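S.K.: Supplied in structure tokens, the structure appears directly below.
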Amino acid sequence: MEKNFKFIAAGTPEPVIFEKIFAEKPGGGMLPNQSYDVPAGVALGYDSNGKLAVIKAYKVVAAAESSDTSIKIAKGSGIAVGDVLATGKKGVASTAVDKSNAAYDTVTVSMGVALAEGAILYQAASASASAAVPVYTPKYILGTNVFAGEGDKEVKLVNGANIRKETAMVSDEVVALMKSIEKV
């Protein structure tokens, strides 16, 4: 009998970010209101005012040649004109962002290096040909999702963990600066 039966399809499962968490900041922290959805698994540092801040990560969704003047990155990165995208020690400022495609954002930037599909770039403090560093010194990995426009949020701050390289939105360069975080 199907009287009063209502089918509700299962939602999309959340990706597994953490293989093992072995250290957290007691009590977590307060992340200021965000203008875009920030998924668990991104790196956080402190800004010049001593407040937690996101180190944006940009996932490349289509390979790019060193001569390309634009790259395609996954939706949801919070990319903005002027953000400095970096790989290794090279950082270049974006000059335009086209968000009209439903599957990806097209960013006008001349990286000057080939980028593989799936590569994760990080937000750098300033443009540089050989000395780019993350915009903030990485201290934690965000342990909870934070949604845009919901005000300041208490968040879980992970400072010791094994994270999945397939799903964690943090670049290898940023992970290398965090002594208790390892991509597996």
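The values are calculated or read from the model by the stated rules, or taken from the named source; none is laboratory data. Keep in mind that this is a model prediction, so the values were computed, not measured. All Cβ positions, even for glycine, are placed from backbone atoms using ideal geometry, and neighbour counts span all protein chains on display. SASA here: full protein model, heavy atoms, side chains in, ligands and nucleic acids out. Shrake-Rupley method; radii C 1.70, N 1.55, O 1.52, S 1.80 Å.
S.K.: In the chain, once you exclude exposed GluC sites (Glu not before Pro) (DSSP loop, at most 14 other Cβ within 10 angstrom), what's the longest stretch remaining?
M.R.: It runs 3-64.
S.K.: Once amide H atoms are placed 1.01 Å from N in the peptide plane, what residues at a sequence separation of 5 or more from Lys165, or on another chain, have their amide H within under 5 Å of its amide H?
M.R.: Correct list: Val184.
S.K.: If you don't mind, there's one more thing I want to ask. Could you run the Karplus curve 6.51 cos²θ - 1.76 cosθ + 1.60 with θ = phi - 60° over segment 15-30 and give me ³J(HN,Hα) per residue in whole Hz, x for Gly and Pro?
M.R.: Couplings: x, 7, 9, 9, 7, 8, 9, 10, 7, 9, 6, x, x, x, x, 10 Hz.
S.K.: So what is the relative contact order of the chain, in percent, for Cα pairs below 8 Å that sit 6 or more residues apart?
M.R.: 31 percent
S.K.: Would you please name the chymotrypsin sites (Phe, Trp or Tyr not before Pro) within segment 1-79 that are DSSP coil residues with at most 11 other C-beta atoms within 10 Å of their C-beta?
M.R.: Loop-located and lightly packed - Phe5, Phe7.
S.K.: Right, something else. For the chain, with every protein chain kept in place, what is the accessible area per residue (1.4 Å probe, Å²)? Spell out each step's value before the answer.
M.R.: On the way: 10080 Å² over 184 residues.
Result: 55 Å² of accessible area for each residue.
S.K.: Report, by chain and number, residues whose modeled amide H sits under 5 Å from the one on Ala132, excluding near sequence neighbours (fewer than 5 apart, same chain).
M.R.: Distant-sequence amide H within range of Ala132: Lys90, Gly91.
S.K.: Here's something else I'd like to know. Step through the residues of segment 156-170 one at a time and calculate ³J(HN,Hα) from phi using the Karplus curve (6.51 cos²θ - 1.76 cosθ + 1.60, θ = phi - 60°), rounding each to whole Hz and writing x for Gly and Pro.
M.R.: Per-residue couplings from phi come out as 7, 10, 9, 10, x, 6, 9, 10, 6, 5, 6, 10, 6, 8, 8 Hz.
S.K.: Restricting to the chain, what percent of DSSP beta bridges are antiparallel, rounded to 5?
M.R.: Around 95 percent antiparallel, to the nearest 5.
S.K.: Report the longest stretch of the chain that contains none of the trypsin sites (Lys or Arg not before Pro) sitting in a DSSP loop with at most 10 other Cβ atoms within 10 Å.
M.R.: It works out to 7-178.
S.K.: Applying the Karplus parametrisation 6.51 cos²θ - 1.76 cosθ + 1.60 with θ = phi - 60° to the phi angles of segment 94-100, what ³J(HN,Hα) value in whole Hz is obtained for each residue in order, glycine and proline being reported as x?
M.R.: 7, 10, 7, 9, 10, 9, 6
S.K.: Given only helices, namely DSSP H runs of n ≥ 4 each adding -39500 (n - 2.57), what is the per-residue ellipticity at 222 nm of the chain, to the nearest 500 deg cm²/dmol?
M.R.: Helices in the chain give a 222 nm mean residue ellipticity of -500 deg cm²/dmol.
S.K.: Taking the Cα centre of segment 75-144 as origin, work out the dipole magnitude from +1 charges on Lys and Arg Cβ and -1 charges on Asp and Glu Cβ, in debye rounded to 20.
M.R.: Charge dipole, segment 75-144, about its Cα centre: 200 debye, nearest 20.
S.K.: Sum up the charges of everything whose Cβ sits under 12 Å from the Cβ of Ala127, counting Lys and Arg as +1 and Asp and Glu as -1, but leave Ala127 out. List each step's numbers first, then the result.
M.R.: Working: positive: Lys89, Lys90; negative: Asp83.
With Lys, Arg at +1 and Asp, Glu at -1, the net is +1.
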